[in-house]
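*Asks:* Supplied in structure tokens, the structure appears directly below.
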Amino acid sequence: MNMEVTNQQAFQPAIIPAGIESASSAVAAQARAMVESRYVMAMRNPRNWDQVRLDLVKECRRPSFADNKSAYYVKPIGEGVEGLGIRFVEVALRCMKNVLVETTMIFEDEMKEVHRVSVTDLEANLTYPLDVRVSKTVERSKPNSDGSFLSVRKNSRGYNVYTLVGTDDDILNKRGALISKAIRTIGLRIIPGDLCDEAEAIIKAVRLDSAAKDPDAERRKIVDAFSEIGVDATALTAYLEHPIAQCSPAQIVNLRGIYGAIRDGEATWQTVMQNKAEQAGDKGKQPLPACSPESFEKNKASWQRAIKDGKKTVNDLISTIQTKELLSDDQKVEIASWATPATTGATE
């Protein structure tokens, strides 16, 4: 009863003087009433965090949800960046209840749109906004049928890539993808971190269990899924460096995550292969040994002479030494102290 009294006092309807009501004031009053009604309903029906957790865990344990490409993805960056996708965020926000997701266009011209995406926790009165820029152009391998295009550039293979004005369908797809990414990004700031961690562990466990129960069926599903996005079995074999039939359950799970990242526009197959090549190159490099005190003393005289005779500057000498051995900070300071006033300027 006290809550109802408080609500009535907190949200008093706007009083508009008679005779000056206009269409704009009516729209403003309607918008205010909508906002107030959302907060009133949130206060009357507060969420139960234990129930939220139970509902979310139940969703994550469903194989059809856990296997969804947009529930969990793996981006090919470094050793791999894993993350929860837009489908998980949508389900989590629905389980939480009393969360408002809004998208408003705040700017538009011939070349771009700017949308403001915001996610609000109505119970905490906490809002995270994010502005999303949507370009009205697309890149194609050929110009328009009449030969027109906005600009042209060379891609990594040396072929021309043309920038064209996008069609309504092109812009609709770009707008939807970018807004979904924004909702996922700021939605994860609303969802408690412990729930995200638990959900991530469940999704990975369900995927791994499915792959372990029937690995042959899962391999076929993976091959078919990648084929739909233009990646054939030969390319997968090159990525794995062994036949697809030899995939372990863990590799199947990893491939499913990569597929989700590519399908959602988070990566391309080219970036996947480039990252693999970079990682292979880094692993092939042996770490340099540290320059021991004995080694430093052994070469000290010749290094000093090189600086004194003007053959090398301090920086050049340090760079040369560190192609074979890594110097400590104290050793670098000692080398810098060998510089004479005449050679000091050459080191800057």
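*Asks:* Could you say whether any residue in region 159-170 is open to solvent by less than 90 Å² (accessible area, probe 1.4 Å), of a type in the set (Gly, Ala, Ser) and under 30 Å from MET105 (Cβ atoms)?
*Replies:* yes
*Asks:* With respect to the numbered conditions (1) surrounded by fewer than 18 Cβ atoms within 10 Å (Cβ to Cβ); (2) in contact (Cβ under 8 Å) with a residue 24 or more places away in the chain; (3) part of a helix (DSSP H, G or I); (4) among the small types (Gly, Ala, Ser), which one is the sole condition not fulfilled by ALA201?
*Replies:* Evaluating ALA201 over (1) surrounded by fewer than 18 Cβ atoms within 10 Å (Cβ to Cβ); (2) in contact (Cβ under 8 Å) with a residue 24 or more places away in the chain; (3) part of a helix (DSSP H, G or I); (4) among the small types (Gly, Ala, Ser) leaves (2) as the failure.
*Asks:* Restricting to region 172-198, and then to whatever is touching a residue at least 24 places away in the same chain (Cβ under 8 Å) and among the charged types (D, E, K, R), can you tell me which residue is farthest from PHE107 (Cα to Cα)?
*Replies:* GLU198
*Asks:* Can you tell me which of PHE88, PHE107 is among the aromatic types (Phe, Trp, Tyr), in contact with a helix residue (DSSP H, G or I) (Cβ under 7 Å, 6 or more places away or on another chain) and either open to solvent by 20 Å² or more (accessible area, probe 1.4 Å) or not in a loop (DSSP other than H, G, I, E, B) (or both)?
*Replies:* That would be PHE88, the only listed residue that is among the aromatic types (Phe, Trp, Tyr), in contact with a helix residue (DSSP H, G or I) (Cβ under 7 Å, 6 or more places away or on another chain) and either open to solvent by 20 Å² or more (accessible area, probe 1.4 Å) or not in a loop (DSSP other than H, G, I, E, B) (or both).
*Asks:* Spot the failing condition for ASN275; the list is (1) open to solvent by 40 Å² or more (accessible area, probe 1.4 Å); (2) in contact with a Pro (Cβ under 6 Å, 6 or more places away or on another chain); (3) not hydrophobic (A, V, I, L, M, F, W, C), and only one is missed.
*Replies:* (1)
*Asks:* Let me ask something else about it. State whether the residues of region 114-135 include one that is open to solvent by 60 Å² or more (accessible area, probe 1.4 Å), over 24 Å from MET96 (Cα atoms) and either aromatic (Phe, Trp, Tyr) or modelled with pLDDT under 90 (or both).
*Replies:* no
*Asks:* Still on this structure, I have one more. It is to be established whether one or more residues within region 295-303 are part of a loop (DSSP other than H, G, I, E, B) and either at pLDDT 75 or above or open to solvent by 50 Å² or more (accessible area, probe 1.4 Å) (or both).
*Replies:* So far as region 295-303 goes, no, none of its residues is part of a loop (DSSP other than H, G, I, E, B) and either at pLDDT 75 or above or open to solvent by 50 Å² or more (accessible area, probe 1.4 Å) (or both).
*Asks:* Going by the conditions given, is ALA267 modelled with pLDDT of 75 or more, assigned to a loop (DSSP other than H, G, I, E, B) and closer than 29 Å to SER180 by Cα?
*Replies:* Criteria met by ALA267.
*Asks:* On to the next question. Can you name the residue in region 24-74 that is in contact with a Gly (Cβ under 7 Å, 6 or more places away or on another chain) and not in a loop (DSSP other than H, G, I, E, B) and is also modelled with the lowest pLDDT among such residues?
*Replies:* VAL74
*Asks:* Right, another one. Would you tally the residues in region 238-264 being in contact (Cβ under 8 Å) with a residue 60 or more places away in the chain and part of a helix (DSSP H, G or I)?
*Replies:* The total comes to 8.
*Asks:* Determine, yes or no, whether GLN246 is farther than 25 Å from SER180 by Cα, open to solvent by 50 Å² or more (accessible area, probe 1.4 Å) and out of contact with any strand residue (DSSP E or B) (no Cβ under 9 Å at 6 or more places or on another chain).
*Replies:* yes
*Asks:* Has region 217-237 got at least one residue that is touching a residue at least 40 places away in the same chain (Cβ under 8 Å), surrounded by 19 or more Cβ atoms within 10 Å (Cβ to Cβ) and closer than 23 Å to GLY85 by Cα?
*Replies:* So far as region 217-237 goes, no, none of its residues is touching a residue at least 40 places away in the same chain (Cβ under 8 Å), surrounded by 19 or more Cβ atoms within 10 Å (Cβ to Cβ) and closer than 23 Å to GLY85 by Cα.
The values are calculated or read from the model by the stated rules, or taken from the named source; none is laboratory data. It should be emphasised that the depicted structure is a prediction, and the values quoted were computed from it without experimental measurement. Cβ: placed from backbone, ideal geometry, glycine included. Neighbour counts: every protein chain shown. These area figures cover heavy atoms from the full protein model, side chains too; ligands, DNA and RNA do not enter into them. Shrake-Rupley method; radii C 1.70, N 1.55, O 1.52, S 1.80 Å.
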